[in-house]
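Just below is one structure, and these are the notes that go with it.
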There are 2 protein chains.
Amino acid sequence: MTDRGPDERIVLAIHGGAGVIARETLPADVEAAVRRDLADALTAGGQALLRPGGTSLDGVEQAVRVLEDSPVFNAGRGSVFTRERTIELDAAIMCGQTLRAGALAGVTSLKNPISAARTVMERCEHVLMIGAAADRWCAEHGAEVVPPEYFHTPNRLLELEEKLLAAAKTGSEIEPRTSSIAALTQDHRFGTVGAVALDRAGNLAAGTSTGGRSMKRSGRVGDSPLIGAGTYADNASCAISATGDGEFFIRVCCARTIAALVEYQGLSLQRAGEEVLFRKIQPLGGAGGVIILNRRGEAAFPFSTLGMYRGFLTADGRIDVQIYREDSVP
Amino acid sequence: MTDRGPDERIVLAIHGGAGVIARETLPADVEAAVRRDLADALTAGGQALLRPGGTSLDGVEQAVRVLEDSPVFNAGRGSVFTRERTIELDAAIMCGQTLRAGALAGVTSLKNPISAARTVMERCEHVLMIGAAADRWCAEHGAEVVPPEYFHTPNRLLELEEKLLAAAKTGSEIEPRTSSIAALTQDHRFGTVGAVALDRAGNLAAGTSTGGRSMKRSGRVGDSPLIGAGTYADNASCAISATGDGEFFIRVCCARTIAALVEYQGLSLQRAGEEVLFRKIQPLGGAGGVIILNRRGEAAFPFSTLGMYRGFLTADGRIDVQIYREDSVP
């Protein structure tokens, strides 16, 4: 990873989840929808970011909104169901210049949790708000509210019913912590979404949004809305958004640890990400991926799964979308 | 801080909150109650820790339980009220050997959230559970359930009513983020509780429990239950429990950053804690304190407030309780 010229700098990077994504098994129509929606997110985020006065927070928010609105990703519309057949959404956004952050966990009525998290960041005296009280506060502060059915998609419900049936047959606890890699291979083909951005003023931002882990218990919160776990941005190091098996990402404080390895150990973004994914999370039994961006416009997209939906936008407007491991490095 | 002999090693350290605590204004009866309950917590935690087979998790859990049961600290019984006159409790516990963790946020019915958090760590496939679903899961797994009134104390209710009245008079938003130091001086005289411990096997653990910030909105979660913010333990570096103005501790990922400074920069525990408290949190406008313990039995108790309720137990059974800044360093 070398210094990029001003035009080749990456200014926006996104992910749409990581998992066992192989060319031979991903249906062509799904791949086409994923590629289209990732490109649309980069376009929308890029427009917000690159317009006069646009900030990295604008780029992150607008890119993530597109992915939340798309039914193919596990965030906003199309989120996975809990075991109790509810949909509970988590999101966070963070500003690398000020270290201000806003986060929501367990909300059920907000069409775009990433935008609501930004409102928390900008207008609430608290950083993290949870549950029905968070839904209410956001609604009172302008968030778009939708009925629970808005988030439902037939594929997700079918997925849940099949798993509940399989679990009932074996009589086993569902997804014990130790079998997370196996679970991830089946559950996270379409995952958590996130974005990291760099604006003209040189400020970083990061944001993540998710429906959480498929078959999670009601009340479970993963890494996405937790500052330092699934989401972190600090101009002193880098901006990070993670996807994968949240419990493990929480335990190693994934995003903050990556930033610390960059800031305190001088590791490259790629090496810092790989250190956490392969030497901290994988030994515990977890898998996933991260996107990382620094103020020089360098980005890294390491993942320990077979594939990760991801893409980036350069300062000169080039968009690239990648899915498989064998796709070229940016 | 030098290597301690085997008998002088600190094996358990606790805190009961940080704030403007000055000798001339702390009522004698309050000071006596605080000192008695801190000593009781060290005794109970020490018994659990030092008995045959006792673990650092046992020591942390039992010490914190005593502080939760005491009405003079802001955790369990005696917790502060939200603006909506509810009591919403947060807690987390973490094992430094395995990096396993359990955490609860926004629970309302569990007598000892620290013990329930440990049950989450040991028996739930998730790390962080929130709200009523978390109360239910813990009750189903043996947690002691109490009615909401159990947590109420007259002093806390009086405190709330006075503040609501003052806020109504000025017509101002209550405790805007920028005036946190001022708020802290009035609100956190009795604060969050926490413990860090080191067992004979050389394993660290950390735990934190709180009623949160006085006058918080319902649904607000602070740093205490967030792994890497208010609570962290890793045998590779140290165990940490924080107290103070949670929003700022979340934004700098306080506990994980301290551990990173120790692990990656080689800072002493004291310097790592001061770096985060004085060079990261204080410039943002926040104040508080942390307790830090490593595998050599070295401990540090840095704080940026006037005082911090704190104490420690050595391997040879010596107990020391401290309140003011001028109290001797261990």
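The values are calculated or read from the model by the stated rules, or taken from the named source; none is laboratory data. What you see is a predicted model, and the numbers here were worked out from it, not measured in a lab. Quick reminder, even Gly has a Cβ in these numbers, built from the backbone with ideal geometry, and neighbours come from all protein chains shown.
Worth a mention:
- Selected residue (criterion: farthest from the other protein chains (Cβ to nearest Cβ)) from residues of the stretch A:104-123 that are of a type in the set (A, V, I, L, M, F, W, C) and buried (at least 24 other Cβ atoms within 10 Å of the Cβ): A:Ile114
- Exactly one residue out of B:Arg279, B:Arg256 is closer than 18 Å to A:Ala255 by Cβ and either within 12 Å of another protein chain (Cβ to nearest Cβ) or in contact with a Gly (Cβ under 6 Å, 6 or more places away or on another chain) (or both), and it is B:Arg256.
- For the stretch B:259-271, the set of residues classified as within 11 Å of chain A (Cβ to nearest Cβ) and in contact with a strand residue (DSSP E or B) (Cβ under 9 Å, 6 or more places away or on another chain) consists of B:Ala259, B:Val262, listed by residue number.
- Here A:Leu12 does not qualify as modelled with pLDDT under 95, of a type in the set (A, V, I, L, M), surrounded by 14 or more Cβ atoms within 10 Å (Cβ to Cβ) and not in a helix (DSSP H, G or I).
- Spans of strands (runs of 3 or more DSSP E) in the stretch B:64-135 with at least 2 residues under 28 Å from B:Thr43 (Cα atoms): B:89-95, B:101-107
- Any chance A:Ala236 is crowded, with 24+ Cβ neighbours inside 10 Å, within 13 Å of chain B (Cβ to nearest Cβ) and in a loop (DSSP other than H, G, I, E, B): no
- None of B:Gly289, B:Gly228, B:Gly219 is more than 11 Å from chain A (Cβ to nearest Cβ) and among the small types (Gly, Ala, Ser) except B:Gly289.
- Within the stretch B:200-215, considering residues that are more than 18 Å from B:Ala117 (Cα to Cα) and buried (at least 24 other Cβ atoms within 10 Å of the Cβ), the one nearest to the other protein chains (Cβ to nearest Cβ): B:Arg213
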